[in-house]
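Below is one structure; the comments refer to it alone.
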């Protein structure tokens, strides 16, 4: 229920308020009347998310996203190990700074825009790989893409990835895919099927944010991932918190027993990096290694430094 008074801004504002009130009534259990209040925090969040939906949709239509990458550094040497990067997406708006994913992804997830964003990322990464010169060092690396739960549940996503690889003549060995632990829990059957099928294409698989929901060991064994990325909330404290260090050590050992390599996110300083090396974590990712940079600029440093 939304009151229409002399203070009401416009018809569209009243309709937006009604939409927000309906949504709140549904979230509170349905079968109820919810009266709109201008100072309601929940309604304010809903209104903010709806604003982001319009901005995201327009950005997709106008191709206003940008790809960044962040290296995943090797801490424990492994024979045949290749350079590894995680792909990160940012949104662009004219006259504004680059928009970080935490600002727009929650709304994209709530309103089912993630499959479109994920497809945009997959298409652009594969196109970028296809355009690399044959002798480029970047062709030897692995580029890991995060997939949302909505994309995981999309039966057409696997076919889309296969189609893009074949169309651009890019080997699957150049790609990896990351799925968050909480997403895998909610979609275990789909996650298991996706990991199995994507590995047939030669792609690497990563279970991301492990420890955020204390995923069962049995489910870990079912997924058979190549990499296990330890949740950053554990990593950020290991240099001064003995319990966090013991937990990371335990996760590291379990992953190795399952033939998976470990990655520590949120490696923000030399102290954390040193503790990770002592534990024997295989890889680290974070500001102590490198800040994210534009994917399009990757390798240009070497080109500039090469003798003419």
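Laid out as a table, the results:
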| item | result |
| --- | --- |
| Lone unmet requirement of (1) under 27 Å from residue 262 (Cα atoms); (2) under 16 Å from the mean Cα position of the chain (by Cα) for residue 158 | (2) |
| Answer residue from region 226-236, given it is in contact with a helix residue (DSSP H, G or I) (Cβ under 7 Å, 6 or more places away or on another chain) and either part of a helix (DSSP H, G or I) or in contact (Cβ under 8 Å) with a residue 40 or more places away in the chain (or both) and is nearest to residue 198 (Cα to Cα) among those | 230 |
| Total residues in region 167-189, condition more than 19 Å from residue 84 (Cβ to Cβ), modelled with pLDDT of 95 or more and surrounded by 14 or more Cβ atoms within 10 Å (Cβ to Cβ) | 1 |
| Residue count for region 134-150, restricted to those that are more than 16 Å from residue 113 (Cα to Cα) and either surrounded by 17 or more Cβ atoms within 10 Å (Cβ to Cβ) or within 17 Å of the chain's Cα centre (by Cα) (or both) | 6 |
| Condition check for residue 164: farther than 20 Å from residue 294 by Cβ, in contact with a helix residue (DSSP H, G or I) (Cβ under 7 Å, 6 or more places away or on another chain) and crowded, with 17+ Cβ neighbours inside 10 Å | yes |
| So residue 209, is it in contact (Cβ under 8 Å) with a residue 40 or more places away in the chain, over 18 Å from residue 155 (Cβ atoms), touching a helix residue (DSSP H, G or I) at 6+ places or on another chain (Cβ under 8 Å) and surrounded by fewer than 16 Cβ atoms within 10 Å (Cβ to Cβ) | no |
| Selection within region 151-161 - surrounded by fewer than 20 Cβ atoms within 10 Å (Cβ to Cβ) and either part of a helix (DSSP H, G or I) or modelled with pLDDT of 95 or more (or both) | 156, 158, 159, 160 |
| Matching option when the condition is at pLDDT below 95, within 21 Å of the chain's Cα centre (by Cα) and either in a helix (DSSP H, G or I) or surrounded by fewer than 13 Cβ atoms within 10 Å (Cβ to Cβ) (or both), among 77, 106, 115 | 106 |
| Matching entry among 255, 244, 239 (being in contact with a strand residue (DSSP E or B) (Cβ under 6 Å, 6 or more places away or on another chain), free of Cβ contacts under 8 Å to residues at least 60 places away in the same chain and either over 20 Å from residue 208 (Cβ atoms) or in a helix (DSSP H, G or I) (or both)) | 255 |
| Within region 263-287, considering residues that are more than 20 Å from the chain's Cα centre (by Cα) and part of a loop (DSSP other than H, G, I, E, B), the one surrounded by the most Cβ atoms within 10 Å (Cβ to Cβ) | 281 |
| Selected residue [outside any helix (DSSP H, G or I) and closer than 17 Å to residue 171 by Cβ] from 93, 66, 135 | 135 |
| In region 202-225, residue modelled with the highest pLDDT [restricted to those that are assigned to a loop (DSSP other than H, G, I, E, B) and farther than 30 Å from residue 171 by Cα] | 211 |
| Candidate set: region 80-103, residues that are closer than 25 Å to residue 282 by Cα and free of Cβ contacts under 8 Å to residues at least 24 places away in the same chain; chosen: the one surrounded by the most Cβ atoms within 10 Å (Cβ to Cβ) | 81 |
| Of the criteria (1) buried (at least 22 other Cβ atoms within 10 Å of the Cβ); (2) at pLDDT below 95, which one residue 297 fails | (1) |
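The values are calculated or read from the model by the stated rules, or taken from the named source; none is laboratory data. Fair warning: this is a prediction, and the values are worked out from it, not measured in the lab. Cβ: placed from backbone, ideal geometry, glycine included. Neighbour counts: every protein chain shown.
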